[in-house]
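Colleague: Dumping the structure here so I can ask a few things about it.
The values are calculated or read from the model by the stated rules, or taken from the named source; none is laboratory data. Since the structure is predicted, the reported quantities are computational estimates derived from the model, not experimental observations. Heads up, the Cβs are rebuilt from the backbone with ideal geometry, glycines too, and the neighbour counts pull from every protein chain shown.
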Amino acid sequence: MEKQWYTISVYSENNVGLLNRISGIFLKRHINIESLNVSKSEIENVSKFTIVINTTEDWTRKIVNQIEKQIEVIKAFYHTDDETIYQESALFKIASHLLFDERQIQNIIKESKSQIVTVNREFFVLAKTGRRHEIDEMHEALEPYGIMQFVRSGRIAVTKAAMPISEILAEFQD
Amino acid sequence: METLKAQKKEEKKKTSMRITGAEAIIHCLLEEGVNLIYGYPGGAIMPVYDELYKFQDKLTHILTRHEQGATHAAQGFARVTGKVGVAMATSGPGATNLVTGLADAQIDSTPMVCITGQVPRHLLGSDAFQETDIVGISTPVTKWNYQITKASEIPEIMAKAFYIARSGRPGPVLIDITKNAQFDELDFAYEKCTGVRSYKPVPQPDMKAIEKAAELINKAKKPYIVFGQGVILGEAEVQLKALVEKAGIPAAWTILGLSALDTEHPMNVGMVGMHGNYGPNVLTNECDVLLAIGMRFDDRVTGSLDTYAKQAKIIHFEIDPAEVNKNVNADVAVMGNAKQTLELLLPLVNENEHKEWRAEFDKKYKIEFDTVIEKDIHPTKEGLTMGEVIEQINLASDQKAVIVTDVGQHQMITCRYAKFRQSKSNITSGGLGTMGFALPAAIGAKMGAMDREVVAVIGDGGYQMTIQELGVIFQHNVPVKIVVLNNEHLGMVRQWQELFFESRYASTVMTNPDFVKIAEGYHIKSRRVEKREDLTEAVQEMMSSKDPYFLEVRVEKEDNVFPMIPSGASVADIRLK
């Protein structure tokens, strides 16, 4: 079976040990977590893990089943890139003098549709939200001028199809 | 609504009592019907032990000689009673010594609650004396775990622990309790847990799947059942028997399913897997419908998955959704508790006999009997075989004993030849293959079923891994019968070395102590058998003893267990020699 990108969405109780429990499921099978994001979800007191992996659908399904088996997990789903709307964010810290010395930088900022978050005498910070390849392209464009610091977030995603967590929660409470 | 909640809280306060966390733990155990626990004290759990001292008329604590022994004893108790076994230990090394038992209980779905002491909350993360992150360590080998750091959490968390351990597919739960939470006071009121919002223990059976299953069964010419421990855990023995009899389906078992159906039932065709019976393995690849009931297609059962039952429609009766399509894809998955789903299935299946198909198993049995079984249980060679010892136990116990095995050759031989009339009678470490399991597990099994004979059959290797638990047998006069089948080797590894490593016996030869003298040192009646003519009488003497009894049988040193599916081979390629 062919490997591809899958986004796993896990709805869970907000519990300290759960991240360890979930990451262990990937560790045990030597599956690298390409990106991980934990945040609140659309439901009060329910957390959402967004995990990106590159593997076969068969493995993804088995992993999702194992995740769902954990006591504090309400429901887990997996989706391909086509089935989700997803974004990543990145911050670039760049020396301020470059803004005046290198005209090209201003063009990169405009073309990438990134935002200047802050500027001071020493550095300015650019924020970019978009697909992985867009951030990579921007990184490539800025690299020759020198990037003081760079960081990229994990993927966040919403699915095109509904994820009926409220209904599932109601079912649990029956 | 809010006022109602407040009212309830107020009522709870009125009926509650102000006690320490340590005392609360005892009350939680008593509320859960626990009156026997196994454990080992130490610094971080001392407040609880102090309460155990005060409550000793209601709650018996058995001091095992090692914390691992406490877990296996709790497992033995759980497996024979169906109740939750409880083990307790201190922090640090006490807690880490529980890990093997937790892993064993996790993979064999045994309900167990382990309670560990922990350094006080303010010292957590400071590398304090006997501090270890047992919640982190035990996460992959527990169904659930939790660290209590406030006394007020105790009742709710303990109730949840027992609920999770016993419900659905059972498993081990570890509760780590910091010392401050044991000393501090709380308003104690206990309410049993009846549900956890994110946890659905038993999936709702789908009538469509059951109808589909019945249709396949009714059309089948060569239907075949392989059942596992799910039948025992789900208490579906009666339903399984009814199905087997009504639909005339030959049924084989995994070693954890053994004893769920009377061994001598005419439709019981034996054991599947690496050292299972010839027919049940070979015919797996000839049946047209395979009903897997409460089993998980372990690799020791299936051999190579690429050649496993490819010709058959697979119906998987399973409680755990993560097991469906994990190793073997199911054509029909019937989710739910086996008792419930089989009950729904029964009226839909037609009466049948499948005489010709059943006769196939007899033919294969004849081949196996002539080449393997006869020589195992009625040997003519000089050396004693493990098989003849088990045969003598069958005779002397009238097939009514609980038999506890360790791991290795003796385990496979026992599972192959032991006969059972009653469920929950075969206790062994299946999934994890934990050497050292049997002796402490037999103690727990005996204390859980005092009215039954409990025979531990152990190899000389595994016996020495937890031999210190003889101390418990002696101190509490636990009348278990211990049979050590001594071949002075780590027999199963030696067998593999002989077959697959050109007889290079790396570290499998054992120079053993005088086991009879060791048992005598613990004041346990003991005897050694070296000759066939003494065997029957010795086993009878052991079985009729009212006290604990140790029997060492010197068996042939280099016997092999056959049949055998070499690892990675197909069930169809099982070797008879």
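Colleague: From the residues in the stretch B:479-525 that are over 21 Å from B:Ile403 (Cα atoms) and of a type in the set (Lys, Arg), which one is surrounded by the most Cβ atoms within 10 Å (Cβ to Cβ)?
Modeller: In this case the residue turns out to be B:Arg494.
Colleague: So, one more: Six or more apart or on different chains, Cβ under 9 Å: which pairs go from a residue in the stretch A:119-138 that's among the small types (Gly, Ala, Ser) to one that's not in a strand (DSSP E or B)? Could you list them?
Modeller: A:Ala127/A:Ser114; A:Gly130/A:Ser112; A:Gly130/A:Lys113; A:Gly130/A:Ser114; A:Gly130/A:Met138
Colleague: For the stretch B:487-502, which residues satisfy the criterion of being of a type outside the set (Phe, Trp, Tyr) and within 13 Å of B:Glu558 (Cβ to Cβ)?
Modeller: Within the stretch B:487-502, the subset of a type outside the set (Phe, Trp, Tyr) is B:487-495, B:497-499, B:502.
Scanning the stretch B:487-502 gives B:Asn487, B:Glu488, B:His489, B:Leu490, B:Gly491, B:Met492, B:Val493, B:Arg494, B:Gln495, B:Gln497, B:Glu498, B:Leu499.
Colleague: Hey, another quick one. Based on what the data block shows, is B:Asp127 away from every other protein chain (no Cβ under 12 Å), over 17 Å from B:Gln75 (Cα atoms) and of a type in the set (Asp, Glu)? So that I can check it myself, show each step before the final result.
Modeller: Details: away from every other protein chain (no Cβ under 12 Å): yes; over 17 Å from B:Gln75 (Cα atoms): yes; of a type in the set (Asp, Glu): yes.
When the stated conditions are applied, B:Asp127 passes them.
Colleague: Also: Being of a type outside the set (Lys, Arg), surrounded by fewer than 14 Cβ atoms within 10 Å (Cβ to Cβ) and assigned to a helix (DSSP H, G or I) is true for just one of A:Glu140, A:Glu42, A:Glu134. Which residue is that? Steps first, please.
Modeller: Working: A:Glu42 fails: assigned to a helix (DSSP H, G or I); A:Glu134 fails: surrounded by fewer than 14 Cβ atoms within 10 Å (Cβ to Cβ).
It is A:Glu140.
Colleague: Among the candidates B:Thr116, B:Thr132, B:Thr149, which residue alone is in contact with a helix residue (DSSP H, G or I) (Cβ under 7 Å, 6 or more places away or on another chain) and within 14 Å of chain A (Cβ to nearest Cβ)?
Modeller: Working: B:Thr116 fails: within 14 Å of chain A (Cβ to nearest Cβ); B:Thr132 fails: within 14 Å of chain A (Cβ to nearest Cβ).
The match here is B:Thr149.
Colleague: Of the numbered conditions (1) under 26 Å from B:Thr149 (Cβ atoms); (2) at pLDDT below 95; (3) facing chain B (nearest Cβ under 9 Å), A:Val73 satisfies every one except a single condition; which is it?
Modeller: (2)
Colleague: Follow-up. Any residue that is touching a strand residue (DSSP E or B) at 6+ places or on another chain (Cβ under 8 Å), buried (at least 20 other Cβ atoms within 10 Å of the Cβ) and touching a residue at least 40 places away in the same chain (Cβ under 8 Å) - is there at least one of those in the stretch B:321-331?
Modeller: no
Colleague: Is there a residue in the stretch B:48-55 that is touching a Pro at 6+ places or on another chain (Cβ under 7 Å) and surrounded by fewer than 21 Cβ atoms within 10 Å (Cβ to Cβ)?
Modeller: yes
Colleague: Would you confirm, using the coordinates I've provided, whether B:Arg166 is modelled with pLDDT of 95 or more and within 14 Å of another protein chain (Cβ to nearest Cβ)? Write out each step before concluding.
Modeller: On the way: modelled with pLDDT of 95 or more: yes; within 14 Å of another protein chain (Cβ to nearest Cβ): yes.
Considered against the rule, which asks whether it is modelled with pLDDT of 95 or more and within 14 Å of another protein chain (Cβ to nearest Cβ), B:Arg166 comes out as yes.
Colleague: Which condition does A:Ser114 not pass, out of (1) surrounded by 17 or more Cβ atoms within 10 Å (Cβ to Cβ); (2) of a type in the set (Ser, Thr, Tyr); (3) closer than 30 Å to B:Arg197 by Cα, if it passes all the others?
Modeller: Single failed check for A:Ser114: (3).
Colleague: Out of B:Ile177, B:Ile217, B:Ile154, B:Ile210, which single residue is of a type in the set (Val, Ile, Thr), away from chain A (no Cβ under 14 Å) and not in a helix (DSSP H, G or I)?
Modeller: Details: B:Ile217 fails: not in a helix (DSSP H, G or I); B:Ile154 fails: not in a helix (DSSP H, G or I); B:Ile210 fails: not in a helix (DSSP H, G or I).
Answer to the check: B:Ile177.
Colleague: Which of the residues belonging to the stretch A:69-123 are outside any strand (DSSP E or B) and of a type in the set (Lys, Arg)? Spell out how you get there, then give the answer.
Modeller: Going through the stretch A:69-123, the residues outside any strand (DSSP E or B) turn out to be A:69-72, A:81-83, A:96-114, A:120-122.
The answer is A:Lys69, A:Arg103, A:Lys110, A:Lys113, A:Arg121.
Colleague: Moving to a separate point now. So if I check each of A:Ser47, A:Ser12, A:Ser41, which one is among the small types (Gly, Ala, Ser), without any contact (Cβ under 8 Å) to a residue 40 or more places away in the chain and within 14 Å of chain B (Cβ to nearest Cβ)?
Modeller: Numbers: A:Ser12 fails: without any contact (Cβ under 8 Å) to a residue 40 or more places away in the chain; A:Ser41 fails: without any contact (Cβ under 8 Å) to a residue 40 or more places away in the chain.
Only one candidate qualifies: A:Ser47.
Colleague: For B:Val231, which of the numbered conditions (1) modelled with pLDDT of 95 or more; (2) within 14 Å of another protein chain (Cβ to nearest Cβ) fails to hold?
Modeller: For B:Val231, the exception is condition (2).
Colleague: Look at the stretch B:15-42 and say how many of its residues are farther than 18 Å from B:Thr64 by Cβ and not in a strand (DSSP E or B).
Modeller: 14
Colleague: Across the stretch B:277-334, which residue is nearest to B:Leu243 (Cα to Cα) among those that are touching an Asp or Glu at 6+ places or on another chain (Cβ under 6 Å) and within 14 Å of chain A (Cβ to nearest Cβ)?
Modeller: So, considering only residues that are touching an Asp or Glu at 6+ places or on another chain (Cβ under 6 Å) and within 14 Å of chain A (Cβ to nearest Cβ), the one nearest to B:Leu243 (Cα to Cα) is B:Arg296.
Colleague: Assess whether A:Glu13 counts as being of a type outside the set (Phe, Trp, Tyr) and out of contact with any Ser or Thr (no Cβ under 6 Å at 6 or more places or on another chain).
Modeller: On the way: of a type outside the set (Phe, Trp, Tyr): yes; out of contact with any Ser or Thr (no Cβ under 6 Å at 6 or more places or on another chain): no.
The answer is no for A:Glu13.
Colleague: B:Ser544: exposed (fewer than 15 other Cβ atoms within 10 Å of the Cβ), under 25 Å from the mean Cα position of the chain (by Cα) and on the phi < 0 side of the Ramachandran plot, yes or no?
Modeller: On the way: exposed (fewer than 15 other Cβ atoms within 10 Å of the Cβ): yes; under 25 Å from the mean Cα position of the chain (by Cα): no; on the phi < 0 side of the Ramachandran plot: yes.
Judged against the criteria, B:Ser544 is not a match.
Colleague: Just to be sure I understand the filter: pairs with C-beta atoms under 6 Å, separated by 6 or more residues or on different chains, first member in the stretch B:240-265 and assigned by TED's automatic domain parsing to the domain that holds B:Ile315 and closer than 19 Å to B:Cys287 by Cβ, second member hydroxyl-bearing (Ser, Thr, Tyr) and surrounded by 24 or more Cβ atoms within 10 Å (Cβ to Cβ). Which pairs pass?
Modeller: B:Pro250/B:Tyr224
Colleague: Also: Can you name the residue in the stretch A:131-174 that is among the aromatic types (Phe, Trp, Tyr) and away from chain B (no Cβ under 14 Å) and is also farthest from A:Lys40 (Cα to Cα) among such residues?
Modeller: First, pick out the residues of the stretch A:131-174 that are among the aromatic types (Phe, Trp, Tyr): A:145, A:150, A:172.
With the extra rule that they be away from chain B (no Cβ under 14 Å), the set shrinks to A:145, A:150.
Numbers: A:Tyr145: 37, A:Phe150: 25 Å.
This residue is A:Tyr145.
Colleague: Here are some residues: B:Ala95, B:Ala70. Which one is farther than 25 Å from B:Ala401 by Cα and either surrounded by 24 or more Cβ atoms within 10 Å (Cβ to Cβ) or of a type in the set (Ser, Thr, Tyr) (or both)?
Modeller: On the way: B:Ala70 fails: farther than 25 Å from B:Ala401 by Cα.
Exactly one of B:Ala95, B:Ala70 is farther than 25 Å from B:Ala401 by Cα and either surrounded by 24 or more Cβ atoms within 10 Å (Cβ to Cβ) or of a type in the set (Ser, Thr, Tyr) (or both), namely B:Ala95.
Colleague: Could you please let me know if B:Tyr190 is under 30 Å from B:Leu29 (Cβ atoms), of a type in the set (Phe, Trp, Tyr) and more than 28 Å from the chain's Cα centre (by Cα)? Explain how you work it out, then say what you get.
Modeller: Working: under 30 Å from B:Leu29 (Cβ atoms): yes; of a type in the set (Phe, Trp, Tyr): yes; more than 28 Å from the chain's Cα centre (by Cα): yes.
Yes.
Colleague: Considering only strands (runs of 3 or more DSSP E) fully contained in the stretch B:284-380, which possess at least 1 residues that are among the acidic types (Asp, Glu)? Reasoning before the result, please.
Modeller: Values: elements: B:289-293, B:313-318, B:332-335.
Output list reads B:313-318.
Colleague: On to the next question. Give the residues of the stretch B:351-386 that are closer than 15 Å to B:Lys577 by Cβ, surrounded by 13 or more Cβ atoms within 10 Å (Cβ to Cβ) and among the acidic types (Asp, Glu), sorted by residue number.
Modeller: B:Glu368, B:Glu374, B:Asp376
Colleague: Restrict the check to the stretch A:55-65 and report whether at least one residue is among the aromatic types (Phe, Trp, Tyr) and either surrounded by fewer than 15 Cβ atoms within 10 Å (Cβ to Cβ) or more than 14 Å from chain B (Cβ to nearest Cβ) (or both).
Modeller: Residues of the stretch A:55-65 that are among the aromatic types (Phe, Trp, Tyr), as a first pass: A:59.
Retained after the next criterion (residues that are either surrounded by fewer than 15 Cβ atoms within 10 Å (Cβ to Cβ) or more than 14 Å from chain B (Cβ to nearest Cβ) (or both)): none.
Looking for residues that are among the aromatic types (Phe, Trp, Tyr) and either surrounded by fewer than 15 Cβ atoms within 10 Å (Cβ to Cβ) or more than 14 Å from chain B (Cβ to nearest Cβ) (or both), one finds none in the stretch A:55-65, hence no.
Colleague: Taking the stretch B:180-200 only, how many residues are within 12 Å of chain A (Cβ to nearest Cβ) and in contact (Cβ under 8 Å) with a residue 40 or more places away in the chain? Walk me through how you get there before you give the answer.
Modeller: As a first pass, look at the stretch B:180-200 and keep what is within 12 Å of chain A (Cβ to nearest Cβ): B:193-200.
Next, from what is left, pick out any that are in contact (Cβ under 8 Å) with a residue 40 or more places away in the chain: none.
Summing the residues that are within 12 Å of chain A (Cβ to nearest Cβ) and in contact (Cβ under 8 Å) with a residue 40 or more places away in the chain in the stretch B:180-200 gives 0.
Colleague: When only residues in the stretch B:193-232 that are aromatic (Phe, Trp, Tyr) and either over 31 Å from the mean Cα position of the chain (by Cα) or under 17 Å from B:Gly336 (Cα atoms) (or both) count, which is surrounded by the most Cβ atoms within 10 Å (Cβ to Cβ)?
Modeller: If we filter the stretch B:193-232 for residues that are aromatic (Phe, Trp, Tyr), which is where we start, we get B:199, B:224, B:227.
With the extra rule that they be either over 31 Å from the mean Cα position of the chain (by Cα) or under 17 Å from B:Gly336 (Cα atoms) (or both), the set shrinks to B:199, B:227.
Details: B:Tyr199: 21, B:Phe227: 30.
It comes out as B:Phe227.
Colleague: Another question about this same structure. Give the stretch B:135-166 a look and list any residue that's touching a Pro at 6+ places or on another chain (Cβ under 8 Å) and of a type in the set (Lys, Arg), or say none.
Modeller: Within the stretch B:135-166, B:Lys143, B:Arg166 qualify.
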